[in-house]
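Notes follow once the structure below has been shown.
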Amino acid sequence: MKSYKIACIPGDGIGKEVVPAGQQVLQALAAAQKDFSFDFTSFGWGGDWFRKHGVMMPDDGLDALRGMDAILFGSAGDPHIPDHITLWGLRLKICQGFDQYANVRPTRILPGIDAPLKRCTAQDLDWVIVRENSEGEYAGVGGRVHQGHPIEVATDMSILTRAGVERIMRFAFRLAQSRPRKLLTVVTKSNAQRHGMVMWDEIALQISKEFPDVRWDKELVDACTARMVNRPASLDTLVATNLHADVLSDLAAALAGSLGIAPTGNIDPERRYPSMFEPIHGSAFDIMGQGLANPVGTFWSCVMLLEHLGENAAAQRLMQVIEQITADTSLHTRDLGGSATMAQVTQAVCERLSGAREKTAEPTE
Ligand code: NAD
Ligand code: K
Ligand code: MN
C-alpha cells in the first residue's frame, strides 16, 4: 500500500486549528479508500517557535521538508510579531525556497452557500486564479534609507523576469486549456506600470500562439475587480502577478461566500520539490482559539493535495462530501451565517467519509 509523507505546518492562529482538522479528514479518507495511507510529520514552526528561537523556522527547515510528498500549511501571522517577519520567515521562505512558482486558487459557489452576488448562480462563478508566486511585487527587493528621518525613502521593487513570466503564463494557458471553457483572462496594469507589465503583456501574446484553442483577453486589474462583480460568468481562468492575484483572490473568495472556504496550492509544476497546500486565509486573530474557524478552505486544499498526488478518486470523493456539508446549512460556521463549530463540521465530514466505506464495499463482497 502506498504511504504518502505529508508535512503539516499549522503555523499560527486558526492555522493551529484547521490543519489538525484537515489531517483528521485525510486520515478518515485514507481509512475509507483503503488503497493508500498517510505518514504525517508536524512541525511547530511559527510565532511560538520565534519566541523560543528568534526565527520562524530553523535554518535547515527546508531540508526537513525536502523528501516530503506534499506540505499542508495553515497560516503565518502572530498578533505580537510584525507581519513581514512572520510571512517572510516561514511561508515565503518555503514558497521561494522550493520555487513553488504557480499559486493556484479555485473559486466556486458551493451548494447551499448564500453568496453575496444576488443574480449570480453557481454556474456563473467558477474561476481559477493563477498567481505568480516567485517574484513580482513580492520579490523582496528594496530597502529603507535614512530610516525614521524626514528624508527617508523606502522601496519595494517589483521584479519580473522573462523566464519567470514565460513559465507562469505557459502554466496558466495550459490550465485554461484543461478546463471546459478554455478561456483565459490575463490581468495586467500596463497602463501605469510601463516596464514589467508591458513585458508581461508581450509574453502573454507570445505564449498564446502555443495554445491556439484557448480564447484569451486582457483586463486591467482595477477593471477586473468590477468585472468579477458585474460579469462573473465572463471569467474562467485568470493569471495575474503576485500582488494583483493576492488581492483578486480574496475578493473572489468573499464573492463565493467566505474567505474561510477558499483553498490554494503553491505548486512546483516541475516537481523538483514538495508543493504546499493551504487555505488562503490567515491567522484570523479575531476568532482564534474559539473553535469558530471554517475548516472548508483547508479541506478543499486537501482535495488539491490529493489531486497533486494523483489520488483523483479520493480527491473527488472528498470534494463530494465537502459539497454535501455546505449544502446542509445546519453545518455552516459563523462566517457563513450559521452556528456550527469547526469540530462539528470536521466530525460530519469524517462520518460521511467513513459511511461511504460500507456503501462502496457492498457490491464487491
Ligand atoms: P485573515 O484571513 O486572518 O482574516 C480576515 C477575516 O476573515 C477575519 O475577520 C477572519 O475572522 C475571517 N476569516 C479568515 N479565515 C476564516 C475562517 N477559516 N473561518 C471563519 N472566518 C475566517 O486576514 P488578516 O486579518 O488580514 O490577517 C491576519 C494575520 O494572518 C496577519 O498576520 C497576516 O499577515 C496573516 N496572513 C497569513 C496568510 C498565510 O499564511 N498564507 C494569509 C493571509 C494573512
Ligand atoms: K494560509
Ligand atoms: Mn492573501
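Read-outs: derived from the displayed coordinates by stated rules, not from any lab. Being a predicted model, the structure only gives us computed values, none of them experimental. Neighbour counts run over all protein chains shown; Cβ positions are idealised from the backbone, glycine included.
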(request) Run the numbers on segment 1-65 and let me know its relative contact order in percent, using alpha-carbon pairs under 8 Å that are six or more apart. (result) 40
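Give a quick list of trypsin sites (Lys or Arg not before Pro) in segment 88-175 that DSSP marks as loop, anything other than H, G, I, E or B, with at most 12 other Cβ atoms within 10 Å.
Within segment 88-175, the qualifying trypsin sites (Lys or Arg not before Pro) (loop, at most 12 other Cβ atoms within 10 Å) are Lys118, Arg119.
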(request) Rounded to whole Hz and in sequence order, give me ³J(HN,Hα) for segment 5-12 from the Karplus expression 6.51 cos²θ - 1.76 cosθ + 1.60, θ = phi - 60°, writing x for Gly and Pro. (result) 8, 10, 8, 10, 10, x, x, 10
(request) List the residues whose amide H sits under 5 Å from the amide H of Gly77, counting only those 5 or more places along or on another chain, with H placed 1.01 Å from N in the peptide plane. (result) Asp12, Gly47
(request) Among Trp127, Pro180, Gly148, flag the residue with its Cα farthest along the positive direction of the charge dipole of segment 118-217, charges on Cβ as +1 for Lys/Arg and -1 for Asp/Glu. (result) Pro180
(message) If you consider only alpha-carbon coordinates, what radius of gyration and Dmax does the chain have, in Å?
(response) 20.6, 78
(request) Let me know the whole percent of all Cα-Cα pairs from segment 164-213 that are separated by more than 12 Å. (result) 62
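Kindly put Cys8, Cys302 in sequence by how many other C-beta atoms sit within 10 Å of each C-beta, fewest to most.
Details: Cys8 21, Cys302 29.
Ascending Cβ contact count within 10 Å gives the list Cys8, Cys302.
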(message) Can you compute the modelled spin-label distance between Asp63 and Gln147, with each label point 7 Å from Cα toward Cβ, in nm?
(response) 3.0
(request) Along Cα→Cβ, 7 Å out, is where each label goes; now give me the distance between the ones at Leu205 and Arg119 in nm to one decimal. (result) 3.5
(message) Connecting C-alpha atoms closer than 10 Å in a GNM of the chain, tell me which of Thr241, Thr185, Thr121 has the biggest fluctuation.
(response) Thr121
(request) Of the DSSP beta bridges with both residues in the chain, give the percent that are antiparallel, rounding to the nearest 5. (result) 40
(request) Return Glu351, Glu135 ranked ascending by Cβ neighbour count within 10 Å, so the fewest neighbours appear first. (result) Glu351, Glu135
(message) Through the Karplus equation 6.51 cos²θ - 1.76 cosθ + 1.60, θ set to phi - 60°, convert the phi angles of segment 183-194 into ³J(HN,Hα) values in whole Hz; use x for Gly and Pro.
(response) 10, 10, 10, 8, 7, 9, 8, 7, 6, 9, 9, 8
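What does the helix-only formula give at 222 nm for the chain: each DSSP H stretch with n ≥ 4 adding -39500 (n - 2.57), the total divided by the residues, and the result rounded to the nearest 500 deg cm²/dmol?
Numbers: 12 runs with 146 residues, N = 365.
About -12500 deg cm²/dmol.
Could you list the GluC sites (Glu not before Pro) in segment 147-251 that lie in coil according to DSSP, counting only those with at most 11 other Cβ atoms within 10 Å of their Cβ? Numbers along the way, then the final one.
On the way: sites: Glu152, Glu166, Glu202, Glu210, Glu219; in loops: Glu152, Glu210.
Answer by residue number: Glu152.
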(request) Under 15 Å from the Cβ of Gly61, count the other residues' Cβ atoms, weight Lys and Arg +1, Asp and Glu -1, and hand me the total. (result) 0
